[in-house]
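Below is one structure; the comments refer to it alone.
Laboratory data are not the source of any read-out in this text; all were calculated from the coordinates shown. A quick note: this is a predicted structure, and the numbers were derived from the prediction, not measured. Here the Cβ positions follow ideal geometry from the backbone for every residue, glycine too, while neighbour counts run over all protein chains shown.
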Amino acid sequence: MEVDEEQERVARDPPKIYRLDESVVNRIAAGEVIQRPVSAVKELVENSLDAGSSSINVTVKDGGLKLIQVSDNGHGIRYKDLPILCERHTTSKLSTFEDLQSIKSMGFRGEALASMTYVGHVTVTTITEGQLHGYRVSYKDGVMEHEPRACAAVKGTQIMVENLFYNMTARRKTLQNAADDYSKIIDLLSRFAIHHINVSFSCRKHGAGRADVHSVATDARLNAIRSVYGVSVAHNLLEVEASDDDLSSSVFQMSGLISNCNFVAKKTTMVLFINDRLVDWTALKRALEIVYSATLPKASKPFIYMSIIVPAEHVDVNVHPTKREVSLLNQEIIIEKIQSVVESKLRSSNEARTYDEQMAEPSPSAQNNLLKDSNLSQSPSGGSKPQKVPVNKMVRTDATDPAGRLHAYLQNKPVDHLGTDSSLTAVRSSIRQRRKPKETADLTSIQELIDEIDCNCHSGLLEVVRHCTYIGMADDVFALLQHDTHLYLANVVNLSKELMYQQVLRRFAHFNAIQLSDPAPLQELIMLALKEEDLETECSGDHDLKEKIAEMNTELLKQKTEMLQEYFGIEIDMNGNLSRLPVVLDQYAPDMDHVPEFVLCLGNDVDWEDEKNCFQAISAALGNFYAMHPPMLPNPSGDGLQFYEKKKLPWHPEDEGNPAGKIGDVTMETEIDHELLSEAETAWAQREWSIQHVLIPAMRLFLKPPTFMATNGTFVQVASLEKLYKIFERC
Ligand code: ADP
Ligand code: MG
């Protein structure tokens, strides 16, 4: 009995607080700084760079778990400093907090070496200028294991970390995949090598004769990129620069090299240095990916090298223990400026390229080059499968010209011999043509539709959309745009509808897919749409009739599946479920609330007889579906908030048992439906993000605004800034 009480008391009492043993604290902290072998390599290489080295060599065994060795030819470490070298918070780079403001070196926390001694065995060999011999000493848990021993040494420092995480079993287990970490280390050194071009780097596996990264000090960055990332990357780069010197907006200088429209890769490579520090800046990376995806008809991921210099006091390097993430003053403005420079650079290179290629005759050698190029960019496994050939490499990058596809060139040419890759492709594509005789005709009808867009383009509006700046949303439908000194209200629903329509035509037959997690039965979707129409017209039609319409439409669409999939990326499976949709603009998926309407429209409104009308109607249906409509839930930041208020009676304890009795003399209270409200907030925030970061950049690049937009209220000029200034002045 007593024992039970005692146990209960113990369970009820708060747990006792203990002071952690210092070695445990240090090991936990070390695990944060050195998360994986690659983080140790980064710290060591940065130390070598801080020491003014011009040559840095890295050797790795077992992905870094067995051994990491970094040798440099820097200034070395003084004999007297060796005893405290690996203690926590010992550094030669910082002494007061104010120094942080202007720190130029990469290290400053004095934590890296110490951390390594808590999770691995560290041995340092070093010699300073003018000494006859060097010293070698090993460290454990922050302290020297013995007095430094004299030894022969070459200029600089060599630091060896063995058996990393020997005392952290769980960490070691999760890091067993050595190949994975070695590739991370290679990736890291490649990045350093193309930024610090006056330093030569090498990285190899222990015992290997050949280095996997090998760069020689050079004064041309392109050379460094060529030797590290290869010719196919170096060949396809454009120089970019941007800067601002306005304290009220932003102060920065950016210079970089970015891939052009010929470059094809499956993954983005973004090598970014801010004030010479290798960092990640996800927001900038995403912003640039969007520009690229909007520029190329078929998504290719970019290669981007950028170096950004900002005043040291504008960077907070201290936000992350590994200094990997930075936070900058005025980051939004900097991102926008860089985004717009990249955008115009790509646009002009794209235009130049289209011109070049239109001039060129499709000679066999030109095809050979094209094919060589596309082979280069393929993964080895995809080499022989025709569907894996990156189609965008075979397309003229001018998105408005689908007739520029390679097989369109080839179809007029006699197929002479089978000896080369190019003639093999020619045969393949001519077989494809025979199997699908419609394809040739498709191209003309699509081409006609695209020509109509071009002819109908309003040149004044084109100027506005190409060079406008997004200011913000004025209400649920209108965005405020600035062009020169003019302000416009632009209807984003109309704009996005038109843009999507145009993009569908441009990407015709070349769509990436959005896979629906739950395939949706067409028949049910059509029923839903018919019922929705009833709600709108406030009459309820005959249920059986609706069922009949839904069934007929489903049957019709099932017959069209092959065409819908091939040309528009709309996939309907054998059971009549919608399973895939096309990517019309990268980084953007349509609001699925509009699926029923879309399917009904496909089934009901498309004239399947006339090819051109048919393609136009399907493209328009997709355009309407993908347009950035306001979300179904009312906007909570305006009057819409009322929608989320639930009327509720106030509750008084004394009312219990008889709550209805008091209705007469109490007023109703309101309570917010938080779940619904937060769902709405997310939907609206996502839409606004897409408008700013997807719609507007893509619109600047691609939209050919039709003339009717000048008069149908899509664009309304609200005021010129001069007028506004005058009004303010008078006030
Ligand atoms: P931090 O780099 O933050 O100062 P570290 O723990 O990385 O801290 O290094 C501690 C100190 O050891 C450095 O400040 C530097 O003086 C010295 N050091 C480390 N590596 C080297 C090296 N390769 N060459 C010369 N000095 C080094
Ligand atoms: Mg350091």
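Miscellaneous remarks
- Selected from Ala490, Val504, Leu522, residue furthest toward positive end of dipole (region 465-523; charges at beta carbon): Val504
- Dipole check for region 230-350: with +1 at the C-beta of Lys and Arg, -1 at the C-beta of Asp and Glu, and the Cα centre as origin, the magnitude is about 780 Debye.
- Cα-based equivalent ellipsoid, region 22-215: semi-axes from gyration tensor eigenvalues, Å: 23, 21, 18
- Per principal axis, descending, Cα span of region 473-599 in whole Å: 58, 40, 23
- The packing ranking, built from the mean of other Cβ atoms within 10 Å per residue, places the peptides 179-186, 491-498 in the order 491-498, 179-186, highest first.
- Subtracting the Cα-Cα distance of Asn575 and Leu329 from their residue separation scaled by 0.36 nm leaves 83.1 nm.
- Prolate/oblate/rounded label for region 20-74 (Cα gyration tensor, a/c 1.5): oblate
- Here the contact order of region 22-215, divided by its residue count and restricted to Cα pairs under 8 Å and six or more residues apart, works out to 27 percent.
- All other residues whose Cβ lies under 15 angstrom from that of His121 are scored, Lys and Arg at +1 and Asp and Glu at -1, for a net of +2.
- Expected-Rg normalisation [2.2 N^0.38 Å, Cα atoms] applied to region 230-350: 1.05
- Mean separation of Cα contacts under 8 Å, 6 or more apart, over the residue count of region 451-526: relative contact order %: 15 percent
- Rg over Rh [alpha-carbon atoms, Kirkwood Rh] for region 199-290: 1.02
- Within region 22-215: Cβ-based charge dipole about Cα centre, in debye rounded to nearest 20 (Lys, Arg +1; Asp, Glu -1): 500 debye
- FRET E, pair Val143, Ala513, Förster distance 51 Å, beta-carbon r, rounded to 0.05: 0.30
- For region 22-215, lysine pairs separated by 8 or more sequence positions, or belonging to different chains, with Cα-Cα distances below 15 Å total 7.
- This model, with +1 at the C-beta of Lys and Arg and -1 at the C-beta of Asp and Glu, gives region 481-622 a dipole about its Cα centre of some 580 debye.
- Calculated FRET efficiency for the pair Gln7/Thr90, C-beta based, R₀ 41 Å, to 0.05: 0.25
- Relative packing of peptides 116-127, 242-253, 257-268 - highest average C-beta neighbours within 10 Å first: 116-127, 257-268, 242-253
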